[in-house]
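K.L.:
One structure, pasted below without further comment.
What follows draws every value from the coordinates through simple rules; no lab data is involved. Quick caveat, the model's predicted, so the values are computed rather than measured. Using ideal geometry, Cβ is built from the backbone for each residue, glycine included, and neighbour counts are taken over all protein chains shown.
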């Protein structure tokens, strides 16, 4: 499973796209992933990316990575709109990319990365995730690859809401700020309740 490493919206991810002239199956056998690029004022273009390079980007930044596509010596900003996979094994077989301008307002569904789970485990707690993605809007140039929520200081019964998200000020949530994305539960309910009571006693 691909786990992007937090909000990395300041990174500029450049990947070279080579114009594709061969059929998709041959391209895949040669170590490439076929793709199509679309954009306003741009004719649909069939390209290919090195499989190893693309997988490395997805491993670090997630499947919603914001890419700078390099073709013919020029770089253009692109967002991944669709990923096709093999039915067995899940290997990526094709991707579709939409070109945008940095100042263009867009909507994007982003994965939520819950950081601090190790701290919860030390308190005999666990995170019950209700929603692992959410939609945001804003200028494409500021769009992150994922959203980070720090849960390390959460206590038994606490919820994770928009207030816990780390986002650029230029990016806004589409969902309600009261939306609950996760809840802190106890691995062992009795132990969790005792831990909560101990923490309360220490504060009084």
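K.L.:
Would you mind telling me which residue in 35, 43, 140 has the biggest mean-square fluctuation in a Gaussian network model of the chain, where springs connect alpha carbons within a distance under 10 angstrom?
P.N.:
Result for the chain, Cα springs under 10 Å: 43 fluctuates most.
K.L.:
If you don't mind, there's one more thing I want to ask. What full-extension length gain, to one decimal in nm, is calculated for residue 63 and residue 178 as 0.36 nm per residue of separation minus the Cα-Cα distance?
P.N.:
38.8 nm
K.L.:
Could you check the spin-label model distance between residue 103 and residue 22? Points 7 Å from the Cα along Cα→Cβ, value in nm.
P.N.:
Modelled inter-label distance: 4.2 nm.
K.L.:
What do you get for Rg/Rh over region 73-117 if you use C-alpha atoms and the Kirkwood form of Rh?
P.N.:
1.10
K.L.:
Would you calculate a helix-derived [θ] at 222 nm for the chain, using -39,500 (n - 2.57) for each DSSP H run of n ≥ 4 and dividing by the full residue count, to the nearest 500?
P.N.:
Value at 222 nm, helices only: -5500 deg cm²/dmol.
K.L.:
Okay, moving on. How much FRET efficiency would the formula 1/(1 + (r/R0)^6) give for residue 71 and residue 96, where r is the Cβ-Cβ distance and R0 is 25 Å, rounded to 0.05?
P.N.:
For R0 = 25 Å, the calculated efficiency reads 0.95.
K.L.:
Can you put 36, 88 in order of Cβ neighbours within 10 angstrom, beginning with the fewest?
P.N.:
88, 36
K.L.:
Using the Kirkwood radius over Cα pairs, work out the Stokes-Einstein diffusion coefficient for region 38-137 at 37 °C and 0.692 mPa s, in µm²/s as a whole number.
P.N.:
202 µm²/s
K.L.:
Among 100, 151, which comes first, then next, by fewest other beta-carbon atoms within 10 Å?
P.N.:
Exposure proxy ranking, most exposed first: 151, 100.
K.L.:
At 7 Å along the Cα-to-beta-carbon direction for both residue 129 and residue 36, put a label point, then send me their distance in nm to one decimal.
P.N.:
Computed distance between label sites residue 129 and residue 36 equals 3.1 nm.
K.L.:
Sticking with this one: Would you mind ranking 77, 173, 67, 122 by Cβ crowding within 10 Å, fewest neighbours first?
P.N.:
122, 173, 77, 67
K.L.:
How much length is gained if the chain between residue 82 and residue 14 is pulled fully straight, taking 0.36 nm per residue apart and subtracting their Cα-Cα distance, in nm to one decimal?
P.N.:
Here the answer is 22.6 nm.
K.L.:
Name the most mobile residue of 83, 113, 69, meaning the one with the largest mean-square fluctuation, in a Gaussian network model of the chain with Cα contacts below 10 Å.
P.N.:
Fluctuation is largest for 83.
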